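Every number here is computed from the coordinates shown, using simple stated rules; none is lab data. Just so you know, these numbers come straight off a predicted model, no measurement behind them. Cβ placement follows ideal geometry from the backbone for every residue including glycine, while neighbour counts extend to all protein chains displayed.
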Amino acid sequence: MTMIKAYILIKTRVGKLESVLKDAKKIENVESISVVTGDVDLIIKVGVSKLEDLMKLTDEIQLIDGVKQTTTHVIEKEISL
Amino acid sequence: MISIRIRRKYLFYVVAILSSIISSITVGLDTIITSRMSAFYSPDEVSWIFGFSAFFIGFLISTLIGSFFSIRLNNRRIGSLIDPAFHGIRLIKREELKYHLFAGMGNAITTVGYFYVLSLLPDPSAVTPFYRVVILYLLIVETIVEKNAPTLIEFQSSTIVTLGAILGSISITGDIEVVPLAVMLLIVNPGWVLLSIYQRKLKLLKPDGKPNDSINIRIWNLFFTTIFVTAFILIQDFILGTNYLAKSLEGSIRFFWLVALTMGITFFSYVLYIRALGMGKASITEGVRASIVIFSIPVTLILSLFIPIPIPQSPALWLIKIIGIILVVLGIVSFALTQVTAYILVRATPGTRISDLIENIWNIRGVESVAAVAGKYDIIAKVRIRTLIKGYERIIRRLESIPGISYFEWKSVLKEWENV
């Protein structure tokens, strides 16, 4: 089974970060969630088995109240410890 | 629905500390067994006999526990409560064999040495602190293997842990034993390093694309360790004309239930330890496990009710021991809590080969993962360092010298959750 992984960079509306986080933690197939500084607020790493699931997942994130913008970066190759 | 219930960092501490509580209990049991065995055999013999029976009986007991864990309950294996990656006992895969051989050899060396020390020095609270010095060895090995040079903080805290361990261990009778100390430092600790590094590699290995589980790793480790211990004993018997193998078999039968008890408990301690290894770096896991020093004192006190162990009478000795423990705990806390994580989002100049670029970024120390991605950016790297200054000196500067990067952004991570 191949695994498709992706980073999703998320911008949230001011004041909504806490509630977006709460909802994001409930989503399936999320590997990690990081709150970061800079022009994006959240970086979420996900792992799904097919591209269609990735679409469903991004849909789910976009439906969270307070999410202003998402940018999905599908991982083509990864080296890690 | 799977939700991220617990921050990985905390789960890591829970697992590592549980493992150390359990193992301090087994050290107590080990001491009782060694002292019982000493009534029948000489110290040299005890270490080999206990070593052999521990692994031989340990393998049997762990396989039994493993089979019990393989039972399905509500469509889930019972063992998945302890390690979610567990899917029943299985044979080892070819890619695991090499690591298992090294881990088994490490375990054989460290355990026989440890039993030898116990037979010379029947006091768990004096022996266990020396195990903690292993953190220094691990730091050195990680520097070489995981391309991670120790920072001042790592150096400081491991020195504090080591000094604390020494203070904690010399105090109980007031003197320092040279032979056990040398065996601990030269035989037991290097063996442990070998064991923990290869167990970590095994845990991070993904046979068939699925994460490896700690229960199978432990069972197979016992199998290979038994083989190594038997081989060591046979070589000795052959060269020195001793009769250790026969005595070991006899001892295994005579002390079957006691050894089975301690190895049964040890099984859980190890499974938790291997899980913790899969979550954190080996030196940090060791650091947390240093809390065993704290639990070894009540264990020693309880034990002294059953077998003769000299308990310090003077308040000065107690003071030294407590100072040692405070140092160990302080060292661990500063070690484990100082860390900075960041993402670096990179855009490449057109005409650059991305595969070369990710190799170049991967070679920077402190880089935990690099991914070539499709989207607004070309590469997303994750870095983990001790201080922000290191982030500039070690990462930004190196990044700027790599050709082919047109733009990058540093995103410091404020808080992080990981699904475990």
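Secondary-structure-derived ellipticity at 222 nm for chain B, considering helices only, amounts to -21000 deg cm²/dmol, per-run term -39500 (n - 2.57) for DSSP H runs with n ≥ 4.
What are the chymotrypsin sites (Phe, Trp or Tyr not before Pro) within region B:34-111 that DSSP puts in a loop, where the Cβ has at most 14 other Cβ atoms within 10 Å?
Numbers: sites: B:40, B:41, B:48, B:50, B:52, B:55, B:56, B:59, B:68, B:69, B:86, B:99, B:102; in loops: B:40, B:41, B:86.
In loop regions of region B:34-111 (DSSP not H, G, I, E or B), the sparsely surrounded chymotrypsin sites (Phe, Trp or Tyr not before Pro) are B:40.
Take each residue in A:9-15, count the other chain C-beta atoms within 10 Å of its C-beta, and the mean is 1. Where does the charge balance sit around residue A:4 when Lys and Arg score +1, Asp and Glu -1, over other residues with C-beta under 11 Å from its C-beta? For residues surrounding residue A:4, the net value is -1.
Net charge dipole, the protein assembly as shown: roughly 1060 debye, given to the nearest 20, about the Cα centre with Cβ charges of +1 for Lys and Arg and -1 for Asp and Glu.
Work through the residues other than residue A:71 whose Cβ is under 9 Å from its Cβ and net out their charges, Lys, Arg +1 and Asp, Glu -1.
Value of the local net charge: +2.
Neighbouring Cβ atoms from other chains, within 10 Å of the Cβ of residues in A:21-31, number 3 on average.
Where the alpha-carbon atoms of chain B are placed on the principal axes, they occupy 77, 52, 47 Å, in descending order.
So, counting K/R as plus one and D/E as minus one, what does the shell of residues with Cβ under 12 Å around residue B:214 add up to?
On the way: positive: B:200, B:203, B:218, B:275; negative: B:83, B:213.
It works out to a net charge of +2.
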